[in-house]
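Trainee: Quick one: structure below, then a few questions.
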Amino acid sequence: MLKTKKSIAKKFKVTGTGKVLLRKPGFRHFLSHKTPSQSRRASKDIHLGNARQANVVRKAMALL
């Protein structure tokens, strides 16, 4: 059984249907210096469309 790569588990999320979502980095602190439009864009997760990259993430999270 494979171990989960914790650094990858903190950045990615796998949905129930198997899609991989990426959380945008750089929005944990210093939010007062960022514009409201930047904050809105950063609040949305990015769908990882590349199938090869998604498989690498799933394997690192020990889901394959």
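Trainee: Name the residue that is surrounded by the fewest Cβ atoms within 10 Å (Cβ to Cβ), counting only residues in the range 25-64 that are in contact with a Phe, Trp or Tyr (Cβ under 8 Å, 6 or more places away or on another chain) and among the hydrophobic types (A, V, I, L, M, F, W, C).
Mentor: Only one residue tops the list, namely ALA42.
Trainee: Right, here's the next one. If I ask for residues that are aliphatic (A, V, I, L, M) and part of a strand (DSSP E or B), which ones from the range 9-18 would you list?
Mentor: Result: VAL14, single match.
Trainee: Quickly run through the range 10-24 and pick out the residues that are among the aliphatic types (A, V, I, L, M) and either exposed (fewer than 14 other Cβ atoms within 10 Å of the Cβ) or more than 8 Å from the chain's Cα centre (by Cα) (or both).
Mentor: VAL14
Trainee: Within the range 19-64, track down each residue that is of a type in the set (A, V, I, L, M), in contact (Cβ under 8 Å) with a residue 40 or more places away in the chain and part of a helix (DSSP H, G or I).
Mentor: The answer is VAL57, ALA60.
Trainee: Please go through the range 1-51 and give me each residue that is under 27 Å from LEU63 (Cα atoms) and small (Gly, Ala, Ser), ordered by number.
Mentor: SER7, ALA9, GLY16, GLY18, GLY26, ALA42, SER43, GLY49, ALA51
Trainee: State yes or no: is SER43 within 15 Å of the chain's Cα centre (by Cα) and not aliphatic (A, V, I, L, M)?
Mentor: The answer is yes for SER43.
Every number in this text was worked out from the coordinates using simple rules, so none of it is lab data. Computed from a predicted structure; not experimentally measured. Quick reminder, even Gly has a Cβ in these numbers, built from the backbone with ideal geometry, and neighbours come from all protein chains shown.
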